[in-house]
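Only one structure is covered here, and it is reproduced in the block below.
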Amino acid sequence: MNSDVPSTDEIDAMGDQDRKVLENRLRRAAERQGLRPEKSRLRDRRAIGYGTYQLVDERADTVVQADDERGYGLDLHDVARYIYGADDGR
């Protein structure tokens, strides 16, 4: 697997600062590919989709990767896999 893609367990073990560094690194990598990661705005921790992401094509302003019908649903590991081409679909 690509060494740029941290595992879900590694991400879960990160502190707030390390997690923010990862988010920023993924955001910059996505921008170089014409993508924009968007984080769900849900504030209820019990809500489905809370704290998850979707990837948007900046030119077409369309969702290119999400995990549920409302968009979002991706965790940081999913975002990293898509951006760094670790998914079979890319």
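In a DSSP loop and with at most 11 other Cβ atoms within 10 Å, the GluC sites (Glu not before Pro) in the stretch 1-87 are Glu69. With viscosity 0.692 mPa s and temperature 37 °C, the Kirkwood radius over alpha carbon pairs of the stretch 1-78 converts through Stokes-Einstein to a diffusion coefficient of 249 µm²/s. A cut-off of 5 Å between modelled amide H atoms, ignoring neighbours fewer than 5 places along the same chain, links Val64 with Leu55, Val56, Asp57. In this label model, Asp44 and Val21 are separated by 3.6 nm, measuring between points 7 Å along each Cα→Cβ vector. Placing a pseudo-label 7 Å from each Cα along the Cα-to-Cβ vector at Gln33 and Ala60 gives an inter-label distance of 1.5 nm.
Per-residue extension of 0.36 nm, minus the Cα-Cα distance of Asp9 and Asp67, leaves a gain of 18.9 nm for this segment. As a fraction of the 1.4 Å probe accessible area of the chain, surface on carbon and sulfur atoms comes out at 41 percent.
Accessible surface area normalised per residue over the chain is 67 Å², counting heavy atoms of protein chains with a 1.4 Å rolling probe. Taking every DSSP helix (H) stretch of at least 4 residues in the chain, weighting each as -39,500 (n - 2.57) and dividing the sum by the residue count yields a mean residue ellipticity at 222 nm of -10000 deg cm²/dmol.
The values are calculated or read from the model by the stated rules, or taken from the named source; none is laboratory data. Since we're looking at a predicted model, the values are computed, not measured. Positions of Cβ are generated from backbone atoms using ideal geometry, with glycine treated the same way; all protein chains shown enter the neighbour counts. With ligands, DNA and RNA removed, areas are computed over all heavy atoms of the protein, side chains included. Shrake-Rupley method; radii C 1.70, N 1.55, O 1.52, S 1.80 Å.
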